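Written below as C-alpha cells is the structure these notes are about.
The values are calculated or read from the model by the stated rules, or taken from the named source; none is laboratory data. The structure displayed is predicted, hence computed values, not measured ones. Using ideal geometry, Cβ is built from the backbone for each residue, glycine included, and neighbour counts are taken over all protein chains shown.
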Amino acid sequence: MKEQLKAIEERAQAAISSAADLRSLDDLRVKLLGKKGELTAILKQMGKLSAEERPVMGQMANQVRSTLEDMLTERTEILRQAAQNARIQAESLDVTAPGKKPPMGRLHPLQIVEDEVREIFLGMGFSVADGPEVEYDYYNFEALNLPPDHPARDTQDTFYITDKILLRTQTSSVQVHVMEHQKPPIRVISPGRVYRSDAVDATHSPLFHQIEGLVVDKGITMADLKGTLELLMQRLYGEDCKIRLRPHHFPFTEPSAEVDVMCFACHGKGCRMCKNEGYIELLGAGMVHPKVLEGCGIDSSVYSGFAFGLGLERIVMRRYQISDMRLLFENDMRFLEQYR
Ligand code: DAH
C-alpha cells in the first residue's frame, strides 16, 4: 500500500506539471482526488490493514492528498497566469502602428468626362436637366416626330415594359419634357443612360450614355450650333481638334447633321477603330423640327432652336485612347485605376 501511494504521488506529480491547460488540470483533480479517484480507491482498502498499520497508512494517505492538492493549486495558478498573459497579448493594441488605409475608389472615366462636359456647358450658360430612363413611347418617339410606324424606329429597337412604356433609346426625350415645362430662352444639357437591344461588341453596348443639348430662343441658327459644338470639341480635345459636319436625317431636326471628330488612333488615315473612315461619329445634331416645337406649345414662327445628342462612351474612348467599349463596363479595377 505504501508503494501504491508512492507510485500515485510520482505519477500525479508528472501529470500535474505537464497539464497544458486548466481544463485538463481539472480532469486530473477528479481522477486523483475525486470519489472514484485513485487515492479514494486506496483508502477503501484500509479496512484490510491491522490496527497498528491503519493510523500510519492513514497519515501517509493524508500527506499524499495534501501534497497533491498543493501541487494542483500551484499548477492552477501558473496556468491561470499563463492564460491571462496570452489574452493580454492577443488583445494588445499597438497605438503606434500605422493605420489601415481603406481603398478610396475613384471616379469612373465615364463620370470624369461627363463632369467635364457639364462644366464646359455650365460655362456657356447652360443648365442641367434630368429625365426618366423608363419612358413613355410618346416622349421617346412620338413627340420627336417619330409616329408609331415610322421606319426610323427600327434603328432604335429597345426593351419594352408595355406597348406604351419603354427604356429610352435616346436622351432626346428630355427635350420634350423641358419644352413642356419651360418657355424660351432654353439652354439645357441632359446627360444620362440610354438603352438599345444591340449586341455587345467593341463599339456597341445595350446600355450606354448620351448627353443631350437643347437651345431654343429667337433667332437661333445653324451657326450657333456649329460654334457651340466646335467650342466643346476644342475644350475637350485641344485647339487643333478637327470636326466634320455631314448632312444626315433625324426626324426631330431639320436640317440635320452628324458630327465627326478625327480618329485618335490613326489621325484620319483609317483603321479598325474608325472602321477605315478616318473620322469617328460623335454626335447627331440639327435645328429643332418645327413640329417638335409646336407639339410642345412653342410658336415655331417666333422661336427656333438647335439640338444635339452625343455619345459619352465615344468621347471617353477618344479621350483616353480606349479601343474597346467593353472595358468601360467590366469594372476591372486594374483598368479603371488608370484614369483620374
Ligand atoms: N438622339 C439621336 C440618337 O440617339 C442623337 C441626336 C441627333 C440628338 C440629333 C439630337 C439631335 O438632339 O438633334 O441617335
Exercise for review: Consider F121 carefully, then state whether it is touching a strand residue (DSSP E or B) at 6+ places or on another chain (Cβ under 8 Å) and within 30 Å of F250 (Cα to Cα).
Suggested key: yes
Reported set for segment 237-256 where residues are among the hydrophobic types (A, V, I, L, M, F, W, C) and either loosely packed, with under 15 Cβ neighbours inside 10 Å or over 30 Å from E294 (Cβ atoms) (or both) is C241, I243
Inspect segment 270-288 for any residue being touching a residue at least 60 places away in the same chain (Cβ under 8 Å), near the ligand (Cβ under 9 Å from one of its atoms) and out of contact with any helix residue (DSSP H, G or I) (no Cβ under 7 Å at 6 or more places or on another chain) and give the result as yes or no. yes
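Condition check ((1) out of contact with any Asp or Glu (no Cβ under 8 Å at 6 or more places or on another chain); (2) at pLDDT 80 or above; (3) of a type in the set (D, E, K, R)) across all residues:
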| residue | (1), (2), (3) |
| --- | --- |
| K2 | yes, no, yes |
| I8 | no, yes, no |
| A14 | yes, yes, no |
| S17 | yes, yes, no |
| D21 | yes, yes, yes |
| D26 | yes, yes, yes |
| K31 | no, yes, yes |
| G34 | yes, yes, no |
| L39 | yes, no, no |
Of the residues in segment 35-46, those that are over 14 Å from V64 (Cα atoms) and free of Cβ contacts under 8 Å to residues at least 24 places away in the same chain number 4
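The rows are residues; the columns are (1) more than 36 Å from the chain's Cα centre (by Cα); (2) assigned by TED's automatic domain parsing to the domain that holds E142; (3) surrounded by fewer than 17 Cβ atoms within 10 Å (Cβ to Cβ).
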{"residue": "R193", "(1), (2), (3)": "no, yes, yes"}
{"residue": "S197", "(1), (2), (3)": "no, yes, yes"}
{"residue": "H204", "(1), (2), (3)": "no, yes, yes"}
{"residue": "V215", "(1), (2), (3)": "no, yes, no"}
{"residue": "M222", "(1), (2), (3)": "yes, yes, yes"}
{"residue": "R235", "(1), (2), (3)": "no, yes, no"}
{"residue": "E258", "(1), (2), (3)": "no, yes, no"}
{"residue": "H267", "(1), (2), (3)": "no, yes, yes"}
{"residue": "K275", "(1), (2), (3)": "no, yes, yes"}
In the set L236, L214, L167, L232, the lone residue that is under 29 Å from V302 (Cβ atoms), out of contact with any Gly (no Cβ under 7 Å at 6 or more places or on another chain) and not charged (D, E, K, R) is L232
Filtering segment 7-31 down to residues that are assigned to a helix (DSSP H, G or I) and touching a residue at least 40 places away in the same chain (Cβ under 8 Å) yields I8, E9, A12, Q13, I16, S17, L22, L25, L28, R29
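Among the residues of segment 69-116, what is the count of those that are in contact with a Leu (Cβ under 8 Å, 6 or more places away or on another chain), assigned to a helix (DSSP H, G or I) and over 30 Å from T40 (Cα atoms)? Spell out how you get there, then give the answer.
First, pick out the residues of segment 69-116 that are in contact with a Leu (Cβ under 8 Å, 6 or more places away or on another chain): 69, 72, 75-76, 79-80, 83, 106, 108-110, 113-116.
Pick out the ones that are also assigned to a helix (DSSP H, G or I) and you get 69, 72, 75-76, 79-80, 83, 109-110, 113-116.
Applying the additional criterion that residues be over 30 Å from T40 (Cα atoms) yields 83, 109-110, 113-116.
Here the count works out to 7.
Quick one: how many residues across segment 154-185 are surrounded by fewer than 18 Cβ atoms within 10 Å (Cβ to Cβ) and within 17 Å of T253 (Cα to Cα)?
Initial filter on segment 154-185 (surrounded by fewer than 18 Cβ atoms within 10 Å (Cβ to Cβ)): 154-155, 157, 159-165, 180-183, 185.
Pick out the ones that are also within 17 Å of T253 (Cα to Cα) and you get 155.
Adding up the residues that qualify gives 1.
The rows are residues; the columns are (1) hydrophobic (A, V, I, L, M, F, W, C); (2) under 18 Å from Q4 (Cα atoms).
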residue: D21; (1), (2): no, no
residue: G34; (1), (2): no, yes
residue: A51; (1), (2): yes, no
residue: M57; (1), (2): yes, yes
residue: L79; (1), (2): yes, no
residue: A83; (1), (2): yes, no
residue: A86; (1), (2): yes, no
Checked against (1) crowded, with 21+ Cβ neighbours inside 10 Å; (2) outside any loop (DSSP other than H, G, I, E, B); (3) in contact with a strand residue (DSSP E or B) (Cβ under 8 Å, 6 or more places away or on another chain), I298 satisfies every condition except (2)
Can you say whether E239 is in contact (Cβ under 8 Å) with a residue 24 or more places away in the chain and assigned by TED's automatic domain parsing to the domain that holds Y160, as far as the supplied structure shows?
no
Result of the Cβ filter at 8 Å on segment 96-124, keeping first residues that are on the phi > 0 side of the Ramachandran plot and partners that are in a helix (DSSP H, G or I), at least 6 apart or interchain, is none
Just one listed residue, out of V259, V316, V292, is more than 14 Å from the ligand (Cβ to nearest atom), closer than 22 Å to V194 by Cβ, among the β-branched types (V, I, T) and not in a loop (DSSP other than H, G, I, E, B), and it is V316
